[in-house]
Amino acid sequence: MRLFLILFVLSITHGYSQISGIFISDTAVFSLQSRQLTQFVNRFNNEDPQFKFEEKFVDGINLARKKNLVYLLNLQDTTLVYDSLTTQFIDFVAKSNNANRISYFDSTWYAVANCNITYNGKSGKIALTLKPEGNNMVGYKWSIVGVEPFLSIDNIQDSIINKLSPYNNEVNFIDLYHFFNEKERQLNYISDDFLPDYLTLLVYLVNAGNIEFHGVNNIIYYFFQIENYYFTVENYVRPNVASSGWLISSIKQMDDKSKGYLIENTLFTKY
Amino acid sequence: MKNMKHIILTILAFCIISLDAQVFIPGADSTETSVPSDDEIITMNTGYDTLAFNKGVLEILAIKDLEQEAQRKVDFLSKYIGQIATKDVEVTRDQKRSAINQALKLFLDENREIQVSSVNSDKVEAYPVRTYLEHLMLLPYTSVSVKWSNVYIAKDLIMVSANPLVYEGVISVVQTFKGCYKETQSCYQDVTYKNIIIRVEAEQVFNGENEELVFVVKLGNTSVTETR
């Protein structure tokens, strides 16, 4: 079984490999590769006219769609290919009675763009979460909806003096002076429940000239549309390899509640 | 049962590879037919920038016509780039300048950016389209060849704006670049996969009798997705 899989993976590593007596040219490899996310979406939905296979149903599963889905896996990731969850997911999506489509216009998918930046002159990375927004009346666009915490806001709590004491109000909150003048102890003066809004902070720092953008390093797409599952899609650059371009990099089983938790805690935006 | 599913999945994956015989190769035979000759290119007026339709709803537009127009734009750009980069002494500097100006007309504006990459570096840099084209003209090689092929056009145009009416799509192309030095007989060659944004903008024009909606196809930002 494992040998069989290895043979398959090896067989798609070169543009002119001979597979079952058929040579795949560079041109054909280009066609097989999912160069645009739009291509990925069309193939996922079994709606790409270039990948129309003969419709055949076995146990309610559309085999044509199943073929398309298998080709959208990162086939060089044997862990993903071997995982029984992958098979379950593909069978679930390919079930003829499931309306398992994904679309640009869905509200439950996100892109995380990992960007190169300099912050106060030092190089770093920042992960922005983006989401398509709009409607047929005004048009569509991608909008930034979240950002991964990019600054560690540490606090020094070494003194009972560095806070607003209980009767500070009686002295006209005189110690607010320290909040404005002692950067390292600022959080002592803020509620313990305070959660910084990093997107607002980012907007401020960019406007203040503290952060410079140096391009997008890579993008990960998160799709939450499929009931009880979510999956991620990443771009794999592999010259002359058919399993290349935008491919499924991970599949997880998850209910709606957990999806909401993940979106808020990993993508840093509201569900 | 669990193993059985794995086997089925793997066999399925193995079988798919043999399907390439059925795969339609986009643009494989169409890129040459719609491109005018090099001589025509230099003097060609891009007045054929527009596709006219009697009704202004994109849903009833002939999407295929828009695709063909987008493909024509890419073909023109490919030819212009060839003209700009060529070291053929019969192509004068003025003709190259003219080709740059014609190529610029294919884009939304001169602020559109073109990403550039090299097999010798992981770095991808972006230049405004005019700067990119002028760099092409000044390449230090004694002979240069730039060819574009394998156009894939996304069928799903997405509305960017309702007023003015603007739609957006994307095209994938493969660029084969070869630059050689006569003295050392050495060459640099790379194959670059690019995605190009296309914009379809609606314009009201008066055709002499009444107003009609015209759709203009323009090229936008261009990214490099792979270089080898």
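The values are calculated or read from the model by the stated rules, or taken from the named source; none is laboratory data. Only a predicted model underlies this, so the values are computations on that prediction, with no experimental measurement involved. Backbone-built Cβ (ideal geometry, glycine too); neighbour counts: all protein chains shown.
Of all residues in the range A:89-116, those satisfying the criterion of being closer than 16 Å to residue A:253 by Cβ and outside any loop (DSSP other than H, G, I, E, B) are A:89, A:90, A:91, A:92, A:93, A:95. Is there a residue in the range A:62-72 that is in the same structural domain as residue A:247 (by TED's automatic domain parsing), part of a loop (DSSP other than H, G, I, E, B) and touching a residue at least 12 places away in the same chain (Cβ under 8 Å)? Yes, because at least one residue in the range A:62-72 is in the same structural domain as residue A:247 (by TED's automatic domain parsing), part of a loop (DSSP other than H, G, I, E, B) and touching a residue at least 12 places away in the same chain (Cβ under 8 Å).
Within the range B:172-187, the set of residues being of a type in the set (A, V, I, L, M, F, W, C) and within 9 Å of chain A (Cβ to nearest Cβ) comprises just one member, B:174.
Within the range A:228-243, being facing another protein chain (nearest Cβ under 8 Å) and within 18 Å of the chain's Cα centre (by Cα) holds for A:235, A:237.
With respect to residue A:140, determine if the residue is part of a strand (DSSP E or B), at negative phi, within 14 Å of the chain's Cα centre (by Cα) and of a type in the set (Phe, Trp, Tyr).
no
Number of residues in the range B:115-137 that are at pLDDT 90 or above and more than 14 Å from chain A (Cβ to nearest Cβ): the value is 10. Of all residues in the range B:102-157, those satisfying the criterion of being more than 30 Å from residue B:216 (Cα to Cα) and either surrounded by 21 or more Cβ atoms within 10 Å (Cβ to Cβ) or charged (D, E, K, R) (or both) are B:122, B:123, B:144. Just one of (1) surrounded by fewer than 16 Cβ atoms within 10 Å (Cβ to Cβ); (2) farther than 20 Å from residue A:130 by Cβ fails for residue A:236. It is (1). For the range B:169-196, residues that are within 14 Å of the chain's Cα centre (by Cα) and surrounded by 17 or more Cβ atoms within 10 Å (Cβ to Cβ) total 12.
Cβ-Cβ contacts under 8 Å between residues 6 or more apart (or on different chains), taken from a first residue in the range B:92-106 that is β-branched (Val, Ile, Thr) to a second residue that is surrounded by fewer than 20 Cβ atoms within 10 Å (Cβ to Cβ) and part of a helix (DSSP H, G or I), are listed as B:100/B:130; B:100/B:134; B:100/B:137. Residues that are crowded, with 23+ Cβ neighbours inside 10 Å, in the same structural domain as residue A:247 (by TED's automatic domain parsing) and either acidic (Asp, Glu) or modelled with pLDDT of 90 or more (or both) do not occur anywhere in the range A:48-60. Looking only at residues that are among the basic types (Lys, Arg) and surrounded by fewer than 17 Cβ atoms within 10 Å (Cβ to Cβ) in the range B:78-101, which one is modelled with the lowest pLDDT? Checked the range B:78-101; the qualifying residue modelled with the lowest pLDDT is B:87. Of the residues examined, residue B:158 is one that is free of Cβ contacts under 8 Å to residues at least 12 places away in the same chain, within 10 Å of chain A (Cβ to nearest Cβ) and closer than 23 Å to residue A:37 by Cα. Looking across the range B:198-227 at every residue that is at negative phi and exposed (fewer than 15 other Cβ atoms within 10 Å of the Cβ), the one that is nearest to the other protein chains (Cβ to nearest Cβ) is identified as B:203. Looking at the range B:124-168, which of the residues that are of a type in the set (Asp, Glu) and either in contact with a Leu (Cβ under 9 Å, 6 or more places away or on another chain) or in a helix (DSSP H, G or I) (or both) is farthest from residue B:72 (Cα to Cα)? By that ranking, first place goes to B:134.
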